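Here's the structure we're looking at; comments come further down.
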Amino acid sequence: MIRDLIIYGDERLQQKSSFVEKVDKEILDLIEDMFETMYKANGVGLAAVQIGILKRLIVISVPDFDSEEDNEKPDFKLALINPEIIWHGEEKEILEEGCLSLPEIRDEVARYKNIKVKYIDTNGEEKILEANDYIAKVLQHEIDHINGITFIDRLESYQKRRLKRELKELRNSPKHSYSV
């Protein structure tokens, strides 16, 4: 089922999400809804909070840009329950980011190039994922969401000033969700 996305200005985006206590049918159904919603909105990642559910749950589906066969580019698709970054390298990379909860707003954000994430998979097993480059960036962005942080919070003050008008319009919008 496709869910409505909440947008910047909705106070839930600034709240820390609670831990998922058990992986049950409700959580697995939520994961399916999140993937459907993310694909419909043409996103590569989605946190449960972005559909108004304050649970530490994210999904990502990143195209394989390095695939040698142009016609077959499989996605790196994963649901992560209670994810947490347990290590990051020193090197950062600055890339442009956008967010489904901040429609039409994009800016450059510095993120670690290499990270390790501890999480629980859909079978309830604890895993550790080593991620690099774009996948690492997407994971950091989504994990920020479950910690009440948007990519706007990662911007330099001059970047925030440049986006001030657009952010004010989103924040003051009477409608804090939209259907995809």
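The values are calculated or read from the model by the stated rules, or taken from the named source; none is laboratory data. All of these numbers come straight from a predicted model, not from anything done at the bench. Don't worry about glycine lacking a Cβ; one is built from the backbone with ideal geometry, like all the others, and counts go over all protein chains shown. With ligands, DNA and RNA removed, areas are computed over all heavy atoms of the protein, side chains included. Shrake-Rupley method; radii C 1.70, N 1.55, O 1.52, S 1.80 Å.
Quick notes on this one:
- Whenever a residue of the range 111-126 is free of Cβ contacts under 8 Å to residues at least 40 places away in the same chain, its partners that are assigned to a strand (DSSP E or B) and among the aromatic types (Phe, Trp, Tyr), lying with C-beta atoms within less than 9 angstrom and at least six residues away or across chains, give the pairs ASN114/TRP87; ILE115/TRP87; LYS116/TRP87; VAL117/TRP87; GLU126/TYR119.
- Residue check, ARG154 closer than 16 Å to TYR8 by Cβ, open to solvent by 40 Å² or more (accessible area, probe 1.4 Å), in contact (Cβ under 8 Å) with a residue 12 or more places away in the chain and under 16 Å from the mean Cα position of the chain (by Cα): yes
- On inspection, ILE143 passes the criterion of being under 21 Å from ALA41 (Cβ atoms), of a type outside the set (D, E, K, R) and part of a helix (DSSP H, G or I).
- Within the range 87-110, tally of residues that are more than 29 Å from GLY9 (Cα to Cα) and exposed (fewer than 12 other Cβ atoms within 10 Å of the Cβ): 2
- The lone exception for GLY148 - which of (1) open to solvent by 20 Å² or more (accessible area, probe 1.4 Å); (2) at pLDDT 95 or above it fails: (1)
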